[in-house]
1. As a footprinting exposure proxy, order His276, His386, His63 by other Cβ within 10 Å, with the fewest listed first.
2. Using 5 Å bins from zero, what percent of all Cα-Cα pairs in the stretch 6-259 falls into each bin?
3. For a 32 Å ceiling on Cα separation, which of these pairs sit above it: Lys173/Lys287; Lys42/Lys104; Lys495/Lys561; Lys206/Lys561; Lys168/Lys263?
4. Using the Kyte-Doolittle scale, which helices in the chain average at least -0.5 and also have C-alpha atoms spread 15 Å or more along the helix axis, with helices defined as whole DSSP H runs?
5. Could you order peptides 206-214, 546-554, 69-77, 117-125 by the average number of other Cβ atoms within 10 Å of their residues, highest first?
6. Using only the C-alpha atoms of the stretch 180-268, find the volume of their convex hull and express it per residue in Å³.
7. Cross-link partners among aspartates and glutamates for Lys442, C-alpha distance below 16 Å, same-chain residues fewer than 8 apart left out?
8. Looking at the calculated P(r) for the chain, what percent of the C-alpha pair distances fall above 31 Å?
Amino acid sequence: MTPAPKTWWPSWISWKGIARGLARPSNAETLVPWRKLISEEKNLWQDAVRRVRSGPAVLIANHLPGFTSGALVDSLLAVALTLRGARAEFLICDEVLPACLHTKFRKNAPDTFFDGRFRQAVCGSCVSNRALFTELGLPMHYYSGLITPAERARLAAEVSALSPEQVKGYTKKGRALGEHAHAGCLRYYSRASLAGEPRAAEVEKKYLEAALQTDLALDNLLDRQGFDAAVIHHGIYIPQGVAAQVCRDRGVRVATWNVAYRKRCLIFSHGDTYHHTLMNEPVDAWKDMEYGPAQDEEIRSYLAGRAKGANDWIYFHDVPDDSADTLARDSGIDPAKPMVGLLTNVIWDAQLHYPANAFPDMLTWIFSTVRYFAARPELQLLIRVHPAELRGLQPSRQFVVDEIRREFPVLAPNIFLVGPESQVNTYAAMGRCNAVIIYGTKTGVELVSMGVPVIVAGEAWIRNKGLTTDVSSDAEYFAALDRLPLAPDPGREDKAAQARRYAYHFFLRRMIPLKCVAPTGEKGAPFRLAVETLEDLLPGRDEGLDVICDGILTGAPFVFKAETRTPAPVPKETLTR
């Protein structure tokens with residue numbers, strides 16, 4: 001390992017935290033052998049480190065290296081940015097935060113937060129993976145060096161004085177810290193509501209306490225040192241959501257990222273989580289891009305493969321069944337009678353504030369829709385519950401089917417439920433519908449591309465593209481339902497063609513491919529870094545990596561110009577309506 005020059009290290013960096021991190025055992029060598037790669041190309045790395053002293057400063061606010069995928073990408077970005085003349089520095093929690101998104105109810109019971117076991121139960125993997133960063137010899141900022149024990153005690157007392165009702169709406173300096181804490185707590189319990197959950201009010205306060213610590217740690221860091229940009233995994237929950245908000249408030253350009261659906265791809269956004277930015281991305285970003293028969297064939301082939309998960313590493317079916325007979329048998333629906341589809345989301349996921357929602361939450365929307373269709377016996381409502389309730393990385397503890405059965409012990413005979421365990425192919429089922437109603441699922445992009453009319457009641461990414469019926473109030477929503485069933489639309493194919501253009505942008509341009517990312521086939525760790533030499537990460541070697549680094553350093557769009565390359569040969573399979 002070649003250390004960075006000592007003059008590069010700010011005096012307030014926690015040397016105790018560094019020593020603690022280096023002393024712990026590490027599995028970093030089995031993930032990415034940065035130490036070996038640096039030693040093999042010592043001159044290249046030393047020259048890069050010397051050049052960056054006057055380069056742009058980028059804070060890689062990883063926080064939780066125990067998320068292996070996040071640590072792999074953040075270490076990769078640190079190396080790539082250093083090779084491009086940027087001064088990359090890490091921010092991580094060193095067993096300080098009292099709550100974070102690196103735990104879940106099924107793994108760690110609520111008592112863990114209060115009986116002294118939290119650090120023992122939760123922090124081990126973060127400590128183990130920390131060497132992915134320390135091996136690079138780049139500056140490390142630790143929470144223990146940014147907030148004192150006295151400050152932590154003061155924040156704990158501040159939270160303790162709040163009533164449970166005050167937590168969700170808690171703000172400081174205009175920052176919605178309570179909302180981030182509430183979303184993080186819902187994620188921990190994997191539920192859309194905390195009602196009836198053991199010690200929920202106390203756990204939510206722990207998440208708020210962690211939010212306040214993150215808020216203060218970032219403010220203290222930015223008071224001491226300026227950064228031109230910050231890279232933050234996900235951009236929501238605790239602590240990443242708070243870190244992103246503080247950086248925005250302090251004028252630091254924020255780039256958030258997440259694993260994309262396509263294999264070997266990541267998705268980056270400027271300023272906020274992609275959950276928000278994709279809804280409001282300007283149509284100009286894709287409307288006038290180069291798009292011809294070759295691109296249309298390419299996206300048709302990709303979308304056809306989506307139904308089978310052929311090109312994706314995030315997929316929720318085992319053996320999808322697209323038979324109409326299976327659909328009729330499993331649901332009881334009559335394929336000859338007009339059908340309207342309804343697609344749910346995972347009930348707890350990304351519970352943030354979206355001003356365009358027609359309903360306060362997804363369950364209210366579902367219940368209101370069921371009541372409406374119970375009074376429309378001439379139509380059938382087919383509710384397809386998201387398979388990720390059972391098959392996602394963090395399965396839900398609250399199930400849509402249970403909630404519907406609780407609210408409606410007897411469903412109207414024209415309303416049918418397909419549960420998350422069903423192998424019925426969602427795309428095939430919705431493709432047989434007169435229209436489909438969605439809340440926040442990205443499946444709306446594919447359905448419109450198939451020529452299926454879509455009504456958007458929530459925060460779906462197909463919203464605001466001029467391709468769907470977007471509603472922002474319950475009155476608008478029920479007015480849209482009153483127009484069902486829809487008559488054949490002679491302009492539907494034109495709209496589908498425009499939707500495929502957007503789908504091309506969404507799946508093939510916004511999802512940025514990386515040569516150095518290789519799928520593993522493992523559910524919990526979908527990829528590894530395939531880096532054989534540091535030279536592979538130099539500018540001009542990987543177009544996707546260049547797009548990402550340019551976006552971080554200059555604010556350029558995180559768009560991979562897939563349309564300018566020659567598409568790879570694709571099967572002749574295409575989507576049909």
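Coordinate-derived values only; no laboratory data. Owing to the predicted nature of the structure, the values given are computational and were not obtained by experimental measurement. Glycine also receives a Cβ, built like all others from the backbone with ideal geometry; neighbour counts cover every protein chain displayed.
1. His276, His386, His63
2. Over the stretch 6-259, the share of Cα pairs per 5 Å bin runs 1, 6, 14, 18, 20, 16, 11, 7, 4, 2, 1, 0 percent.
3. Lys173/Lys287; Lys42/Lys104; Lys206/Lys561; Lys168/Lys263
4. Passing helices, by number: 68-83, 149-160, 177-189, 200-224, 362-374, 543-554.
5. Packing order, densest peptide first, comes out as 206-214, 69-77, 546-554, 117-125.
6. 95 Å³
7. The reachable aspartates and glutamates, counting only those whose Cα sits under 16 Å from Lys442, are Glu281, Asp312, Asp349, Glu389, Glu459, Asp470.
8. The proportion of pairs with Cα distances above 31 Å equals 51 percent.
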